Amino acid sequence: GAVVSQHPSWVICKSGTSVKIECRSLDFQATTMFWYRQFPKQSLMLMATSNEGSKATYEQGVEKDKFLINHASLTLSTLTVTSAHPEDSSFYICSARGTGRGLLTYEQYFGPGTRLTVT
Amino acid sequence: GEDVEQSLFLSVREGDSSVINCTYTDSSSTYLYWYKQEPGAGLQLLTYIFSNMDMKQDQRLTVLLNKKDKHLSLRIADTQTGDSAIYFCAERTPSNTGKLIFGQGTTLQVKP
């Protein structure tokens, strides 16, 4: 149980275009999802927290108009990087927290990550 | 503020024990975690410890918590080449959001 998937696993896009990354909880209902960004050989930096059906809460310094987060259902959250630039190239990881059989309450279950390269 | 620090690199020989250390600043943290990340992959929860515990053992993994010094360690017994990865310690904030604050990660290299 507690499987989180991300799609795509990697994507290359041209500068100026937008790219959408999906995060799905496959076998549980995710009431809260988190989006992280990880630079090479560095730690995970929390970008935003989203609760199903409400607006995401962004961390200080994260541009909400650039990183659009939608958590429209209990199993899906999307992160759209708008007008991407090379400096947006990074590894984006989502995690989900929710309720379900066998789940640890309040624990975050991580997706495998999406490698974004902007050329 | 909240801050988690780890040493960046550890190299051990196969069969030896590995000890990865972590310090944190938020004394109100409720849970402390160890995650493993293999190249190009997401994070795998290895183990966690509640803040009122001193020690937790799970097979080859032993977590020690010194709350007074805000020091957390992960010991891996009989380290194998498959243990080579980056290990992150993280603390959970006591706020309603339950955010995780991660350390920089310790790269564990296991030599055969």
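A short reminder: the numbers here are calculations on the coordinates, not readings from a lab. Computed from a predicted structure; not experimentally measured. Here the Cβ positions follow ideal geometry from the backbone for every residue, glycine too, while neighbour counts run over all protein chains shown.
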Item to check | Anchor B:LYS36: lysines whose Cα lies under 27 Å away (excluding residues fewer than 8 positions away in-chain) | outcome: A:LYS20, A:LYS41, B:LYS56, B:LYS67, B:LYS68, B:LYS70, B:LYS99, B:LYS111
Item to check | segment B:1-48: translational diffusion in µm²/s, Stokes-Einstein, Kirkwood Rh over Cα pairs, 10 °C, 1.306 mPa s | outcome: 122
Checklist entry - Magnitude of the Cβ-charge dipole of chain B, K/R +1 and D/E -1, about the Cα centre, nearest 20 debye? => result 120
Checklist entry - When the convex hull of the Cα atoms of chain A is projected onto a plane and the area is averaged over all directions, what value comes out in nm²? => result 6.9
Next on the checklist: Below 8 Å, C-alpha to C-alpha, sequence gap of six or more: please give me the relative contact order for segment B:1-100 in percent.
Outcome noted: 34
Checklist outcome for this item: Dividing the alpha-carbon radius of gyration of the protein assembly as shown by 2.2 N^0.38 Å, where N counts its residues, gives 1.02
Next on the checklist: Among A:ALA72, A:SER54, A:ILE12, whose Cα projects farthest towards the positive end of the dipole of chain A, with charges put on the beta-carbon of Lys, Arg (+1) and Asp, Glu (-1)?
Outcome noted: A:ILE12
Checklist entry - Put a dot 7 Å past each Cα toward the Cβ at B:GLN80 and B:ASN52; how far apart are the dots in nm? => result 3.6
Item to check | Distance in nm between pseudo-label sites at A:THR117 and A:LYS66 (7 Å out along the Cβ direction from Cα) | outcome: 2.1
Item to check | Charge tally in the Cβ shell below 9 Å around A:ALA2, where Lys, Arg are +1 and Asp, Glu are -1, A:ALA2 excluded | outcome: -2
Checklist entry - Fully extended, how many nm does the chain gain between A:HIS85 and A:SER54 (0.36 nm per residue separation, minus their Cα-Cα distance)? => result 8.4 nm
Checklist entry - Hey, any idea what the orientation-averaged projected area of the convex hull of chain B's Cα atoms comes to, in nm²? => result 6.8
Next on the checklist: I need the trypsin sites (Lys or Arg not before Pro) found in segment A:59-107, filtered to DSSP loop residues with at most 12 other beta carbons within 10 Å of theirs.
Outcome noted: A:ARG101
Checklist entry - B:GLN109 versus A:SER18, label points 7 Å from Cα toward the beta carbon: distance in nm? => result 4.4
Next on the checklist: Suppose we keep just the alpha-carbon trace of segment B:55-98; what are its Rg and Dmax in angstrom?
Outcome noted: 13.2, 39
Item to check | Whole-number percent relative contact order across chain A, with pairs defined as alpha carbons under 8 Å at least 6 apart | outcome: 37
Item to check | segment A:48-60 - phi-based ³J(HN,Hα) in whole Hz, Karplus 6.51/-1.76/1.60, Gly and Pro as x | outcome: 6, 10, 10, 9, 4, x, 10, 6, 6, 9, 8, 6, 4
Checklist outcome for this item: Diffusion coefficient in µm²/s returned for segment A:73-119 by Stokes-Einstein, Kirkwood Rh over C-alpha pairs, 4 °C and 1.567 mPa s, is 101
